[in-house]
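Scroll down for the structure; my scribbles are underneath it.
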Amino acid sequence: MNIEYRDGLLFTSIEISYKGKSKIIENIVIDTGASQSLISQDCVDDIDIKVSGEDEITTSYGIGGKEHAFVKTIDKVQVGEFCLDNCSLDFTSFLYEDINGLLGLDILLNAGFIIDLKTLKMYLQG
């Protein structure tokens, strides 16, 4: 799959499915420095992913400071050809209007993605 290099960051898109509704989310930063993927809750309101009383609340720390998120088990996340069923993702408010989330090592390692920076492609080994 093609990735885009823009503003010093690598971007891709993902598809999320939750309770029979699916959505492609653009402007996801490929972040090998993030242990967990993190998606903007504003991007998924229309497929009814919202914080509820039984959701786990997590706190992450990074260069941008402290970030709180809620964890929701979703039906599916798809990145290119890779599909992960019944997985947990973190959702939070994003302060950046041109970034809708981070694709972190939880998914990148699970898939075993190879990121080819010369050709700006990301693919599965084999």
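The values are calculated or read from the model by the stated rules, or taken from the named source; none is laboratory data. All values derive from a computational prediction rather than experimental measurement. We place every Cβ from the backbone using ideal geometry, glycine too, and count neighbours over all the protein chains shown.
Quick one: is Ile3 hydrophobic (A, V, I, L, M, F, W, C) and farther than 23 Å from Asp116 by Cα? No, not satisfied. Within the range 67-118, take every residue that is among the small types (Gly, Ala, Ser) and more than 14 Å from Ile30 (Cα to Cα) and give me the one that is modelled with the highest pLDDT. Within the range 67-118, the match that is modelled with the highest pLDDT is Ser88.
Restricting attention to the range 31-48 and to residues that are hydrophobic (A, V, I, L, M, F, W, C) and modelled with pLDDT of 90 or more, the residue that is nearest to Lys19 (Cα to Cα) turns out to be Ile47.
Checking the conditions here, which among Glu97, Glu26, Glu4 is more than 28 Å from Leu124 (Cα to Cα) and of a type in the set (Asp, Glu)? Checking each option against the conditions leaves just Glu97. If the condition is being assigned to a loop (DSSP other than H, G, I, E, B) and surrounded by fewer than 17 Cβ atoms within 10 Å (Cβ to Cβ), then the range 72-91 contributes only Glu81. Pull out all pairs, ordered by first then second residue, where Cβ-Cβ is under 8 Å, the residues are six or more apart or on different chains, the first lies in the range 87-98 and is over 15 Å from Asp75 (Cα atoms), and the second is of a type in the set (Gly, Ala, Ser) and in a strand (DSSP E or B). Listed by first residue and then by second, the contacts come to Thr92/Ser40; Thr92/Ala69; Ser93/Ser40; Phe94/Ser40; Phe94/Gly101. Being polar (S, T, N, Q) and closer than 25 Å to Asn2 by Cα: is that true of Asn100 here? Spelling it out, Asn100 is indeed polar (S, T, N, Q) and closer than 25 Å to Asn2 by Cα. Within the range 23-57, restricting attention to residues that are free of Cβ contacts under 8 Å to residues at least 40 places away in the same chain and not in a loop (DSSP other than H, G, I, E, B), the residue that is surrounded by the most Cβ atoms within 10 Å (Cβ to Cβ) is Ile47. Annotation: Phe94 fulfils all but one of (1) in contact with a Ser or Thr (Cβ under 7 Å, 6 or more places away or on another chain); (2) assigned to a strand (DSSP E or B); the unmet one is (2).
Going through the range 1-59 one residue at a time, which ones are hydrophobic (A, V, I, L, M, F, W, C) and out of contact with any Phe, Trp or Tyr (no Cβ under 9 Å at 6 or more places or on another chain)?
Selection gives Leu9, Leu10, Ile14, Ile16, Ile24, Ile25, Ala34.
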